[in-house]
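The structure appears below as structure tokens.
The values are calculated or read from the model by the stated rules, or taken from the named source; none is laboratory data. Everything numeric in this text was worked out from a predicted model, so none of it was measured. For neighbour counting, all protein chains shown are included, and Cβ atoms are generated from backbone atoms with ideal geometry for every residue, glycine included.
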Protein chains: 2
Amino acid sequence: MPASAAPLTDALIAFAGTRGAPLPESARQVMRLSLLDWCAVAIAGRDEPVARIVRDRVEDEGGKAEATVIGQNGKAPARAAALANGTASHALDYDDTHFAHIGHPSVAIIPAALAMAEKTGATGGEFLDAALVGVEISCRIGTWLGRQHYQHGFHQTATSGTFGATMAAARLAGLDPTAMAHAMGIASTRASGLKSQFGTMGKPYHAGMAAANGVEAALLAKAGFISRPDGLECEQGFGETHAGENGDPAPILAGLGEVFWFETVQHKFHACCHGLHAAIEALNALRFEHGFVVEDIASVRVTTHPRWLKVCNIASPATGLEAKFSYRLTAAMALAGCDTGALTTYTDAVCADLALIALRDRVQVETDPALPDTEARVEVRLRSGAVLAARHDLDQPIAPDIRLAKIRAKAASLLGPEKAEALWGVIADIDHQPLTSLTRLVAT
Amino acid sequence: MPASAAPLTDALIAFAGTRGAPLPESARQVMRLSLLDWCAVAIAGRDEPVARIVRDRVEDEGGKAEATVIGQNGKAPARAAALANGTASHALDYDDTHFAHIGHPSVAIIPAALAMAEKTGATGGEFLDAALVGVEISCRIGTWLGRQHYQHGFHQTATSGTFGATMAAARLAGLDPTAMAHAMGIASTRASGLKSQFGTMGKPYHAGMAAANGVEAALLAKAGFISRPDGLECEQGFGETHAGENGDPAPILAGLGEVFWFETVQHKFHACCHGLHAAIEALNALRFEHGFVVEDIASVRVTTHPRWLKVCNIASPATGLEAKFSYRLTAAMALAGCDTGALTTYTDAVCADLALIALRDRVQVETDPALPDTEARVEVRLRSGAVLAARHDLDQPIAPDIRLAKIRAKAASLLGPEKAEALWGVIADIDHQPLTSLTRLVAT
């Protein structure tokens, strides 16, 4: 047998198409958590300007009522619904992140899987499995493309996301392996998305692009479209032309189908830049453990990896948006017990609060290049002379029940407890639910 | 006044948006010729498998009846029509080429301009102008990205085509300069297309992608989408991330609005690989001038740039498709008076024709790296001992009336004389025609 011309693609297709053995329950449970998280941020983000603009575009085009569009009465063609829902769910930038993949898996994959599941009449369980297969593939391909791809200027959410969305959609469309390879080829020539769009509506649109690309690629391949089936890996294929690291596929494929890299996905529990989260978690832990109050605090030191200084170190923020990128102010907010998980906490008023400013000005930010960029160290010096220290690494696994509790609390904070619990009621039982139980809740 | 952060984009936007002075008539006439050529290849290509697959996808999605879909009863949303028509018009690979741009301008731009013209109720003249502005911008940006972008693996038809299509659509949508810049920013993160798809349905799909991207970018920007307005040129923008040469904008902008680089666009008059055309033209010229017949020919020598040997030098083709990539056989066909402009000429039977094979085997292909790749030299040695020589450079300007006559003959060969002349009747008078005169003819 000749060696495969596209060993990575072929193995990922075999994984995506397999329907025999059930997928591991631990990975499916993390997918349920991410689905709840995704529903919460998508519904909460549906009225953001970019979400409205893309949804209006989709609504204006019209077409066959195949799939639910979040925030719209009525449905749209699957591709269009994926475009709108991907954009809406990334509008707040409050969705999950995978640090090895360097991207946001759920916002690119879940919209494609959901739209195709509705179009094809899949069950809740089939939808969950397709989404899980898709996010796993985007994590694996994102890691194969690597940091070099990201540093060159590409946004993995959009690029690797297109491949994951394609495989999720292709699985639901029931493509055979040959057609799946052509779908991957279409994805390789359709995938795009630049980091230079960060800070604009382009970033959330990338998630919609990836999801819509995936649906289009799968449906064209199902209809017999012949592309370059090794387009991801071939000479002048996607990896080579897009500054991918394109290393040995063996470590990328290790444990595929048994070990799910997606299980280490990170959920955001604070509605601010991800670079601030480790410090907030460490300060929260100190506050809960030692029970001090703001008046007790003499000074605070936050130590972080130097790369974050260019990202989220606004010393004296003046607006709600700037507050989301300030170590000093969010540290003060956490120590003062503000709800850093609520969108409504980050206001101009909080920046002008004199008590918070006084505390903020006692916070000093330092760097240590030896720290992983997922970790922060904090030190709180009390007026009593006591020095309290803690560290937090976002990469540390969180026990599943604690993670679930935190996501449920986040969903309740974003949507209200009733809606959040209704969503979790359906998602926890998604294997025995018709898809309409879920879509009914996210539509409005 | 500060220097512009995006001098190329800003100048192209100013050019695209200007509606005061009329565009030069010589350039508008070349656009009319390319429009006739585009209609002919699009209608002739509408039943190719890739054209059907993409059209079926568009038809299945449905939606608002805004714009004509070639080969379909009924209309589709403008974006969808652009996708289908772009793909159909590049399906035969018989459309126009611009060698400085290194791409096919009309198949990416005309579908976007036509769909947006229909959506916005533009006149025939406004449509023509928007198409001309779009192809000119794609030629300029394609040249700015340069050969390095192409050699790295990108297909300018898809990439530069997206920018040109965006500007054509934005002009018709009446965007102000700020919104046009945001449309260009959307285009910079949406544009994609790899040369590794050549030889598959991916290549014609690229033209559809570019056209559809352009419509989507223009309509999102019109609705207030904020992107990175300097996304083409900024740090980690499209040019920098996509191996663009990204040189000084001054020569790229030279004469913009007065000199139209698009005027040097090449039309294909032979239904085979473009690398063969110069040799066929030179052989045709010899045959017409000297009036020899096949039996008079002792041997033939074709000299071409070496780069073509990897592209179109199948020595003994066996199928109609292979015939389209054979110097030796197409030289024999030209010398024997076959209609190399008709799609139906390239058959398995022509490859098995014993008289043609005997002549083909007397053709020798040589290379000369000093030749431009648009030029070929031919030498025909007669049995009488006479040696006849000619050369042809596709870059030599053709007199406008000869170019028109050749395109009308090509259209007649593809569509029949009646349809071809009806099309030219409308296009020649497009400034005084409602757009429906044209769309009625291309719809069916």
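Answer yes or no: is there a residue in the range A:78-99 that is among the aromatic types (Phe, Trp, Tyr) and buried (at least 23 other Cβ atoms within 10 Å of the Cβ). Looking for residues that are among the aromatic types (Phe, Trp, Tyr) and buried (at least 23 other Cβ atoms within 10 Å of the Cβ), one finds at least one in the range A:78-99, hence yes. With respect to being away from chain B (no Cβ under 14 Å) and in a loop (DSSP other than H, G, I, E, B), residue A:272 fits the description.
For the range B:410-424, the set of residues classified as part of a helix (DSSP H, G or I) and under 18 Å from residue B:45 (Cβ atoms) consists of B:410, B:411, B:412, B:413, B:414, B:415, B:419, B:420, B:423, listed by residue number. Scanning the range A:312-330 for residues that are outside any helix (DSSP H, G or I) and farther than 12 Å from residue A:276 by Cα returns A:315, A:316, A:317, A:318, A:319.
Give the number of residues within the range B:197-242 that are small (Gly, Ala, Ser) and surrounded by fewer than 24 Cβ atoms within 10 Å (Cβ to Cβ). Result for the range B:197-242: 4.
A quick yes/no check of all residues on (1) at pLDDT 95 or above; (2) in a helix (DSSP H, G or I); (3) out of contact with any Leu (no Cβ under 9 Å at 6 or more places or on another chain); (4) in the same structural domain as residue B:188 (by TED's automatic domain parsing):
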residue	(1), (2), (3), (4)
B:116	yes, yes, no, yes
B:122	yes, no, no, yes
B:126	yes, yes, no, yes
B:130	yes, yes, no, yes
B:136	yes, yes, no, yes
B:142	yes, yes, yes, yes
B:145	yes, yes, yes, yes
B:149	yes, yes, yes, yes
B:159	yes, yes, no, yes
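When the residues of the range A:263-286 are filtered to those that are β-branched (Val, Ile, Thr) and closer than 14 Å to residue A:395 by Cβ, the one that is nearest to the chain's Cα centre (by Cα) is A:265. Within the range B:363-390, the set of residues being touching a Lys or Arg at 6+ places or on another chain (Cβ under 9 Å) and in a loop (DSSP other than H, G, I, E, B) comprises B:368, B:369, B:371, B:373.
When residue B:323 is tested against (1) more than 20 Å from residue B:92 (Cα to Cα); (2) surrounded by 14 or more Cβ atoms within 10 Å (Cβ to Cβ), only condition (1) is not met. Only one entry of A:402, A:398 meets the criterion of being part of a loop (DSSP other than H, G, I, E, B), without any contact (Cβ under 8 Å) to a residue 24 or more places away in the chain and of a type outside the set (Gly, Ala, Ser), and that entry is A:398. Residue count for the range B:45-77 satisfying the condition of being of a type in the set (D, E, K, R) and more than 11 Å from every other protein chain (Cβ to nearest Cβ): 4.
Residue by residue, here is whether (1) more than 19 Å from residue A:268 (Cβ to Cβ); (2) in the same structural domain as residue A:67 (by TED's automatic domain parsing); (3) touching a residue at least 12 places away in the same chain (Cβ under 8 Å) holds:
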{"position": "A:420", "(1), (2), (3)": "no, yes, yes"}
{"position": "A:423", "(1), (2), (3)": "no, yes, yes"}
{"position": "A:433", "(1), (2), (3)": "yes, yes, yes"}
{"position": "A:436", "(1), (2), (3)": "yes, yes, no"}
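If residue A:372 satisfies all but one of (1) surrounded by fewer than 14 Cβ atoms within 10 Å (Cβ to Cβ); (2) farther than 15 Å from residue A:278 by Cβ; (3) in contact with a His (Cβ under 8 Å, 6 or more places away or on another chain); (4) of a type outside the set (Gly, Ala, Ser), what's the number of the condition it fails? Unmet condition: (2). Scanning the range B:225-252 for residues that are within 8 Å of chain A (Cβ to nearest Cβ), more than 25 Å from the chain's Cα centre (by Cα) and touching a residue at least 24 places away in the same chain (Cβ under 8 Å) yields B:225, B:226, B:227, B:228, B:231, B:234, B:237.
Of all residues in the range B:89-107, those being part of a helix (DSSP H, G or I) and within 14 Å of chain A (Cβ to nearest Cβ) number 1.
The condition of being touching a Pro at 6+ places or on another chain (Cβ under 7 Å) and within 11 Å of another protein chain (Cβ to nearest Cβ) holds for only one of A:155, A:149, A:182, that being A:182. Only one entry in B:402, B:407 is in contact with a Ser or Thr (Cβ under 9 Å, 6 or more places away or on another chain) and either modelled with pLDDT of 95 or more or within 26 Å of residue B:283 (Cα to Cα) (or both), namely B:407. Taken over the range A:106-142, the criterion of being out of contact with any Phe, Trp or Tyr (no Cβ under 8 Å at 6 or more places or on another chain) and among the charged types (D, E, K, R) is satisfied by A:118, A:119, A:126, A:129. Within the range A:287-311, the set of residues being in a helix (DSSP H, G or I) and surrounded by fewer than 21 Cβ atoms within 10 Å (Cβ to Cβ) comprises A:287, A:288, A:289, A:290, A:294, A:295, A:296, A:306, A:307, A:309, A:310, A:311. Among the residues making up the range B:341-351, a single one is within 22 Å of the chain's Cα centre (by Cα) and either farther than 17 Å from residue B:94 by Cβ or crowded, with 21+ Cβ neighbours inside 10 Å (or both): B:346.
Note on the range A:247-264: residues that are surrounded by fewer than 16 Cβ atoms within 10 Å (Cβ to Cβ), under 20 Å from residue A:148 (Cα atoms) and not aliphatic (A, V, I, L, M) amount to 3. Of the residues making up the range A:61-95, just one is under 20 Å from the mean Cα position of the chain (by Cα), among the acidic types (Asp, Glu) and at pLDDT 95 or above, namely A:95.
Restricting the range B:16-30 to residues that are touching a helix residue (DSSP H, G or I) at 6+ places or on another chain (Cβ under 7 Å) and part of a helix (DSSP H, G or I) leaves a set whose member that is surrounded by the fewest Cβ atoms within 10 Å (Cβ to Cβ) is B:26. The single residue among B:103, B:17 that is of a type outside the set (Ser, Thr, Tyr), more than 16 Å from the chain's Cα centre (by Cα) and either modelled with pLDDT under 95 or within 30 Å of residue B:399 (Cβ to Cβ) (or both) turns out to be B:17.
Of the set (1) touching a His at 6+ places or on another chain (Cβ under 9 Å); (2) more than 14 Å from every other protein chain (Cβ to nearest Cβ), all apply to residue B:18 but (1). Entry remark, the range B:187-222: residues being more than 7 Å from every other protein chain (Cβ to nearest Cβ) and outside any helix (DSSP H, G or I) number 2 in total.
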